[in-house]
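One structure is given here, and the rest of the page talks about it.
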Amino acid sequence: MSRCALLIFAAASLAAAEPSQSQELTDLYFGEAKYFANQGLNFEALERLDIELAQHRAIDEPQLDSLYPYVDDAEFSVGDFELRYRMHHRAGRAIRAVLEGDVDEVVRNEAAYRLAKIHFQKGQYSEAMSALARINGEVPKAIRDDIEFLRANVYLAMGEPERAVDILGDLQSDDDLDGFIAYNLGIALLEAEQFEQAYRQLDAAGRIKAVSEAEKSIRDKSNLVLGTIMLETGRYAESRQYLDRVRLDGPFANQALLSAGWASMSAEQFDRATVPWGILAGRDSTDFAAQEAMLALPYAYSRLNVHGRAAENFGRALDEFGAEVGKLDASIESIREGKFLTALIREEIRQDKSWVIRLRSLPETPETYYLMELLASHDFQTGLQNYLDLEELRKKLVAWQRNFDAFDDMVAIREEHYEPLLPVVDSEFRGLDSRMKVRLEQHKLLEQRLQAMLTAPQPEFLATREEQQMLASIERIESQLREGYEANDSDLLERVARLKGRLIWDIHTDYYKRLDAFDSHLRELRAAIDVLETQYQQYVRVRQAASHSYQGYLEPVTRMRTRVRESLDKVNTLMARQGRLLEVVAIDELVARRQRLDQYMEKARYALANSYDRATQARLEGVAE
Amino acid sequence: MLQSIRAAFCGFLLSVCFTGVSADELSQQQMRSLDEQVQEVKTDVLSIAADLGRLEERLLYPSNTQVAVFVSVPDGTYRLDSVQLEIDGEPVAHYIYSFKELEALQNGGVQRLYTGNVPTGQHNLNVTYSGKLENGKEFSSSDQFVFDKTVRPKMLGLTLAAANSGSKGIQIKDW
């Protein structure tokens, strides 16, 4: 990968997407996923959103689901969360699914942009360009400039800087990306060999108004690059001018100070060189540039013929290098003992974003003193993050394993409680159930009778029990009288007929009043039956819940237990391999730094002796004169 | 001397300033191969987490008794410090927010504050929350709601706005 491509990648990474800023209360579970994602808890965010999306896809009428209006956003968010959780394969698949789904143009274009970004980050430039080529029609305004910025970066990475220059040249009005665009345009012009224009562009990028730390850093970087180019092309005065613009407390300060010293030395302004190198030599003794300044500073003094001071500083450098070699040896030993990995997974250290920086400042983690540059490299970072992710997964899996034992206990306690109770309850319920069915049947018959009476009045149905008994008695007397009829019985028959007539009169004349009362009572009965049926249903559900609270768990829990155990084995194996690789790379880096320090010490010893000789010679010459 | 130090200087500048220190090619390949495997294991564990979540819910919070309370804040105009929930007079949740959690809420996140079990029927939910307004004034506010628990899971969404004269304070939505 070219130097320029790496510069652009770094710049593009700085401009990566931030967590969602939506403040509208949407679907609860989607909101919950955002809550986790906003805290950097990507695993939890993915877990929630995966479940929610799976449920949404499974329902028959998705338009009734609360996620429905936000489903496109949710599909995108899954891709984002996966990217943040470094699951590029799944993120790519998720975004491709959106791209190939039945979605509107705006959504499809946004998906294509995100897919292109993933390919670009993975170094798959032609795939990134293919994804960008799928963008056509309406493009969301918020990402219009981002798309063109990405396109320019892809062209640059593919070795087509002229095209990148054309695109970036048109993009210079965007506020958010201002510094990055200005800087990348400068690099694109350099790559296109339009040197004078490139210098002007980098000069402009180095003077840009910056507010955020990222903007200030990219401004520093512009100045550093331009200053370095001027130094390499022999334009020393201009080089100093650009290097002096770099902030003394920024991430590029040390390189700028070192280069500034060399610009002065090259212009034979030895005294001016001692200023930046003097500052740098007093800085962190593990820093690459600071170590170099420790040698460069006495060298400048020797060129100024101040050999005594040169010797003194070479001596100091030797002492410092010796101490640093000791630290490096301790670091290498510490890593070999596994302390580096132990330090990395310390929970309290990783509570804030700058944990890598903090790690370095801890006296009990000497193994990290020399690894800042390594920690900043992309592959090492990926390996490191993977190691940390694996540690998190391991902790989760171990916790879940413990949960299974609790599940088993819970199920056993419930079973112990319900098993003796349920047969008794079931037996009582069966008795009540049959009685209830009889009553329900009676109610049904009465309902039918009411309906029949509404169409064909039947007053005798509404006679009271007493009336029915009286009527039965009258009819029996009447029958007996008719069977043994004698002439003098006619009075009796007349009396019986009168009584019967009176009774029937009452029954018929009260009919509608009685029908109203019957209807009213039946309504009351219906309400009571509704309550009964509700209670019945509740009982059935509670009864089912009692069974479900302990039945049917054995198989799924056993299955889950096996899956967790298998995953834990995989995680442990991967962690061991990843950890070992990190250790090897870290040790290689430390060994290389140690070898460099050995070379510096050799040079310092020679230079120290040389300075003493010259100092002695100068003193002798002074005495002779 | 100048040549040797400058050579070292240029080497340093290219390696640190422009490309960063990277592992050798073999290590890079190994890192990438491991990266693929880590992605696979993440997919496995996510799938386990989802299945386990469903199993836990079935075991611990059956739908006929499940009640869950979610919290969101409408904007960043105040600092939410804590929330307390009582159901039928019993304290069920008391949460104190960290800065990170508050920021997550202010950026559109919704927190599941409580999941528990209640029988079907009517219940009282008492919500108390405290915080600090933009003008630095501290406040504490509470409100009571009645909710009806049926056989379906009950999801209640609370939106907690700044408790001042121009605000509706606590709003509840039955999901």
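For the subset of segment A:146-173 comprising residues that are in contact with a helix residue (DSSP H, G or I) (Cβ under 7 Å, 6 or more places away or on another chain), within 18 Å of A:ALA116 (Cβ to Cβ) and not in a helix (DSSP H, G or I), which member is modelled with the lowest pLDDT?
Here the answer is A:LEU171.
Could you run through segment A:61-100 and say how many residues are out of contact with any Lys or Arg (no Cβ under 9 Å at 6 or more places or on another chain), aromatic (Phe, Trp, Tyr) and either within 17 Å of B:GLY108 (Cα to Cα) or within 11 Å of chain B (Cβ to nearest Cβ) (or both)?
2
Conditions tested, residue by residue: (1) farther than 19 Å from B:ALA49 by Cα; (2) modelled with pLDDT under 60; (3) surrounded by fewer than 19 Cβ atoms within 10 Å (Cβ to Cβ).
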| position | (1), (2), (3) |
| --- | --- |
| A:LEU359 | yes, yes, no |
| A:MET372 | yes, no, yes |
| A:GLN401 | no, no, yes |
| A:PHE407 | no, no, no |
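Please tell me if A:GLU160 is acidic (Asp, Glu), in contact with a Gly (Cβ under 6 Å, 6 or more places away or on another chain) and buried (at least 16 other Cβ atoms within 10 Å of the Cβ).
no
Can you give me the ranges of the helices (runs of 4 or more DSSP H) entirely in segment A:36-145 with at least 1 residues that are at pLDDT below 90 and under 20 Å from the mean Cα position of the chain (by Cα)?
Fully inside segment A:36-145 and qualifying: A:42-58, A:71-84, A:88-100, A:105-121.
In the set A:ARG593, A:ARG559, which member is touching an Asp or Glu at 6+ places or on another chain (Cβ under 9 Å) and either among the β-branched types (Val, Ile, Thr) or over 24 Å from B:MET31 (Cα atoms) (or both)?
Criteria check complete, one pass: A:ARG559.
List pairs: first in segment B:145-161 and within 11 Å of chain A (Cβ to nearest Cβ) and touching a residue at least 60 places away in the same chain (Cβ under 8 Å), second part of a loop (DSSP other than H, G, I, E, B) and charged (D, E, K, R), Cβ under 6 Å, 6+ apart or cross-chain?
none
Got a number for residues in segment A:511-535 being touching a Leu at 6+ places or on another chain (Cβ under 9 Å) and in contact (Cβ under 8 Å) with a residue 24 or more places away in the chain?
The qualifying residues number 9.
Looking only at segment A:510-532, decide whether some residue is surrounded by fewer than 14 Cβ atoms within 10 Å (Cβ to Cβ), within 14 Å of chain B (Cβ to nearest Cβ) and of a type in the set (Asp, Glu).
Within segment A:510-532, none of the residues are surrounded by fewer than 14 Cβ atoms within 10 Å (Cβ to Cβ), within 14 Å of chain B (Cβ to nearest Cβ) and of a type in the set (Asp, Glu).
Could you check segment B:88-120 and list, in sequence order, the residues that are exposed (fewer than 15 other Cβ atoms within 10 Å of the Cβ) and either hydrophobic (A, V, I, L, M, F, W, C) or at the interface with chain A (Cβ under 10 Å from one of its Cβ atoms) (or both)?
Within segment B:88-120, B:ILE96, B:SER98, B:PHE99, B:LYS100, B:PRO119 meet the criteria.
Would you check if there is a residue in segment B:48-61 being in contact with a strand residue (DSSP E or B) (Cβ under 6 Å, 6 or more places away or on another chain), at the interface with chain A (Cβ under 10 Å from one of its Cβ atoms), surrounded by 14 or more Cβ atoms within 10 Å (Cβ to Cβ) and not in a strand (DSSP E or B)?
There is no residue in segment B:48-61 that is in contact with a strand residue (DSSP E or B) (Cβ under 6 Å, 6 or more places away or on another chain), at the interface with chain A (Cβ under 10 Å from one of its Cβ atoms), surrounded by 14 or more Cβ atoms within 10 Å (Cβ to Cβ) and not in a strand (DSSP E or B).
So for segment A:239-258 (the condition being over 18 Å from A:TYR183 (Cβ atoms) and of a type in the set (Phe, Trp, Tyr)), does at least one residue qualify?
Scanning segment A:239-258 turns up no residue that is over 18 Å from A:TYR183 (Cβ atoms) and of a type in the set (Phe, Trp, Tyr).
Six or more apart or on different chains, Cβ atoms under 6 Å: show the pairs whose first residue is in segment A:40-57 and within 14 Å of B:VAL45 (Cα to Cα) and whose second is charged (D, E, K, R) and part of a helix (DSSP H, G or I).
Here the result reads A:ASN42/A:ARG84; A:ARG48/A:GLU32, each pair linking segment A:40-57 to a residue that is charged (D, E, K, R) and part of a helix (DSSP H, G or I).
The values are calculated or read from the model by the stated rules, or taken from the named source; none is laboratory data. Please read these numbers as outputs of a predicted model, since none were measured by experiment. Here the Cβ is made from the backbone with ideal geometry for all residues, glycine too, and neighbour counts use every protein chain on show.
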